[in-house]
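Undergrad: Below you'll find the structure I mean.
Each value in this text was obtained by applying a stated rule to the coordinates, not by laboratory testing. If you're wondering where the values come from, they're calculated on a predicted model, not measured in any experiment. Positions of Cβ are backbone-derived with ideal geometry, glycine not excepted, and every protein chain shown enters the neighbour counts.
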Amino acid sequence: MKYKYIGKTGLRVTDICLGTMTFGTTTSKEEAFEILDMAYERGINFYDTAEIYPVPPTSNLGGLTEEIVGQWLKTKARDSIILATKVAGAASGWFVPPTRHGLTAIDAFHIKRAIEGSLKRLQTDYIDLYQMHWPDSIVPIEESLKAFDALICEGKVRYIGTSNDSAYGLTKANETSKRLGISRFESIQNNFSLLNPRFLDELSTVCKKEQISLLPYSPIGGGVLSGKYNGNFFPEGARFSIYMQNKSKRVQAMADRFVNDKTKAATTKYMQIAKKLDISPVTLAVAWSKQHDFVASTIIGARKKEQLADSFAALDLELSHEVLEEIKAVQKDILYPMG
C-alpha cells in the first residue's frame, strides 16, 4: 500500500480514499458496511463523507450517510482511520442545499452548527479533515477561515480543506491564511477525471507551488468511464438514469454534463486503451487520476461491493509513459468532454 501526505499536514493517507455519498439511498446500510469493511481490509485508511449526503440531497435524508459511517466507525480503532467530512456550501452558490432550511452560509454560526451535528452523527470527538463543500460568494473568506481555525484550536478538527473551488478562490484563501497567521486549506476536493481534466489548466499549478493536495472526486466520471452508458439506452438503476427522471432541472443538467456525445466518444477511446492493457477502463481511470504528483488520494465510490474490485486494481498499477501519451492524444482530440 502506498501512502502520501495531504498538503503540509501529518495526515498520511492511502492513495485511494473511499467516498460514501450513496450510503443511505442507492446503497443500504448493510451494503455500506460491507463496502466499508472491504476497503478497510484492503488497507484503505481514508474515508470521505459530508453533512448533506446522501445524494441527491434532500431535507429528510441529510446526515444519514454520516450516521451510517459513524455506526461503522465504532467497530474500528478510531486512530486507524483518517476521516473527512464537509460543511454544506453556501445557499448563495450553485444551488441551495436543503440543510438548515436552505439558509446555509460559510460563516461562524453555520460552521459551528455543522461541526456539532457531524461529530454527533459520526460518533467521534474529532474530524481529521474538515472541508468547505463549496465556496461562499457573500461571506468574506476571512470570517470563514477564522471560524475553521477556531475548530482546530478547540481540538474538534485537525486540518481544513476546500472543495469545488477555483484557482482564484484557493489562492485568495491561501494568501488570507498567511496574512492572518491562521490555519490554511491543506487540500482541495474537485471533480477531476479523464473526462474532466480542467484542473490541469490552472489549479494544478497552485497546488504544486503551494504544496496543497488535490483529492479528486468522480475519477470514473460518475460511472461513465465504465462504458455502461455507451449503449443505445440508459442502464436501469444507474446513477444518471435515475437523475434523468428527477424533476430538478439542476439534477437533469448534471446528467447531461456527464453523459453526452463527447463523453461517450472519449470513453470509447479510453476503453480501447484499457483493452490493449487487459484492464478495466475503471482501473485505467483511477490509475491515471492518482498518478499526478499534486494528488494525495483519489476518491472512489461504489453503490455495490462488486464495483470495488476494478478500482482496487489501480492501487498497484502505474501507467507507462506511452499510455499517458495515448491519453493525452485523446484529450487533445476531444477537448473537455464535460464542458
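Undergrad: Compare I82, I300, I279 in a GNM of the chain, Cα atoms joined below 10 Å, and give the one with the largest fluctuation.
TA: I279
Undergrad: Can you work out the Karplus-derived ³J(HN,Hα) for every residue in segment 180-193? Use 6.51 cos²θ - 1.76 cosθ + 1.60 with θ = phi - 60°, whole Hz, and x for glycine or proline.
TA: 8, x, 10, 4, 10, 6, 8, 8, 9, 10, 10, 5, 7, 7
Undergrad: Counting Lys and Arg as +1 and Asp and Glu as -1, what is the net charge of the other residues whose Cβ lies under 9 Å from the Cβ of I106?
TA: Values: positive: none; negative: D107, D136, E143.
With Lys, Arg at +1 and Asp, Glu at -1, the net is -3.
Undergrad: Provide the gained length on full extension for the span D256 to Q123, in nm with one decimal, where the gain is 0.36 nm per separating residue minus the Cα-Cα distance.
TA: On the way: separation 133, 0.36 × 133 = 47.88 nm, distance 3.75 nm.
Stretched fully, the D256-Q123 segment lengthens by 44.1 nm.
Undergrad: Roughly how large, in nm² to one decimal, is the mean projection of the convex hull of the alpha-carbon atoms in segment 240-339?
TA: Working: hull surface 30.0 nm².
Its average projected convex-hull area is 7.5 nm².
Undergrad: With axes computed from alpha carbons, what is the tilt in degrees of helix 64-73 against the longest principal axis of the chain, rounded to the nearest 10 within 0 to 90?
TA: Orientation of helix 64-73: about 90 degrees from the principal axis.
Undergrad: Quick check: residue separation of Q272 and M1 times 0.36 nm, minus the Cα distance between them. What number comes out in nm? Write down the numbers at each step before the final one.
TA: On the way: separation 271, 0.36 × 271 = 97.56 nm, distance 2.81 nm.
Here the answer is 94.7 nm.
Undergrad: Using θ = phi - 60° and the Karplus relation 6.51 cos²θ - 1.76 cosθ + 1.60, list the HN-Hα couplings for segment 305-322 in order, rounded to whole Hz, with x at every Gly or Pro.
TA: Result, rounded to whole Hz: 4, 5, 7, 6, 4, 5, 6, 4, 4, 7, 4, 9, 10, 10, 6, 6, 4, 5.
Undergrad: Separation of segment 80-117 and segment 125-169 by C-alpha centroid, Å?
TA: After rounding, the separation between the Cα centres reads 10 Å.
Undergrad: A follow-up question, please. Cut-off 10 angstrom, C-alpha nodes, Gaussian network model of the chain. Which of N164, N196, N232 fluctuates the most?
TA: Of N164, N196, N232, the Gaussian network model singles out N232 as fluctuating most.
Undergrad: Please work out the Cα convex hull volume for the chain and give it in Å³ per residue.
TA: Working: hull volume 42.5 nm³, N = 339.
So the per-residue hull volume is 125 Å³.
Undergrad: Can I ask one more? What are the residues whose amide H is under 5 Å from the amide H of Y53, where those residues sit 5 or more places off or on another chain and H is modelled from the backbone?
TA: G63
Undergrad: So for the pair D107, N60, with labels modelled 7 Å out along Cα→Cβ, what separation do we get in nm?
TA: Result: 3.1 nm between the two label points.
Undergrad: Relative to the present Cα-Cα distance, how much length would full extension add between I138 and L324 at 0.36 nm per residue of separation?
TA: Working: separation 186, 0.36 × 186 = 66.96 nm, distance 4.08 nm.
Gain on stretching I138 to L324: 62.9 nm.
Undergrad: Which whole-Hz couplings ³J(HN,Hα) result when phi for each residue of segment 211-222 is put into the Karplus expression 6.51 cos²θ - 1.76 cosθ + 1.60, θ = phi - 60°, listed in order with x for Gly and Pro?
TA: In residue order, the calculated couplings are 6, 10, 9, 8, 10, x, 10, 6, x, 9, x, x Hz.
Undergrad: Using helices alone, I'd like the mean residue ellipticity at 222 nm for the chain: each DSSP H run of four-plus residues gives -39500 (n - 2.57), total over residue count, nearest 500.
TA: Details: 12 runs with 136 residues, N = 339.
Estimated from H runs of four or more residues: -12500 deg cm²/dmol.
Undergrad: What trypsin sites (Lys or Arg not before Pro) does segment 174-251 have in DSSP loop regions with at most 14 other beta carbons within 10 Å? Could you put the intermediate results ahead of the total?
TA: Details: sites: K178, R179, R184, R198, K208, K209, K228, R239, K247, K249, R250; in loops: R184, K228, K247.
Passing sites in segment 174-251 are K247.
Undergrad: Non-local amide H neighbours of N191 (under 5 Å, H modeled in plane, Pro and chain starts lacking H): which ones?
TA: N164, Y217
Undergrad: List the residues, sorted by chain then number, that are 5 or more residues from I16 or on another chain and whose placed amide H is less than 5 Å from its amide H.
TA: T298
Undergrad: Below 12 angstrom from the Cβ of L64, what's the summed charge of the other residues (Lys, Arg +1; Asp, Glu -1)?
TA: Values: positive: K29, R121; negative: E51, E66, E67.
Around L64, the surrounding residues sum to -1.
Undergrad: Further question: What is the local net charge at I82, summed over the other residues whose Cβ is closer than 13 Å to its Cβ (Lys, Arg +1; Asp, Glu -1)?
TA: Taking every other residue near I82 into account, the sum is 0.
Undergrad: Looking at the chain, what % of its DSSP beta bridges pair antiparallel, to the nearest 5?
TA: Values: 4 of 29 bridges.
Expressed as a percentage, antiparallel bridges in the chain total about 15.
Undergrad: Can you figure out the FRET efficiency of K332 with K264, using R₀ = 25 Å and their beta-carbon distance, to the nearest 0.05?
TA: Details: r = 18 Å, r/R0 = 0.72.
With R0 = 25 Å, the Cβ-Cβ based efficiency is 0.90.
Undergrad: So in segment 1-99, what percent of DSSP beta bridges are antiparallel if you round to the nearest 5?
TA: Details: 3 of 9 bridges.
Just about 35 percent of them are antiparallel.
Undergrad: Here's something else I'd like to know. Computed over the Cα atoms, what is the radius of gyration of segment 1-60 divided by 2.2 N^0.38 Å, N being its residue count? Spell out each step's value before the answer.
TA: Working: Rg = 13.4 Å, N = 60, 2.2 N^0.38 = 10.4 Å.
Normalised Rg, Cα atoms only: 1.29.
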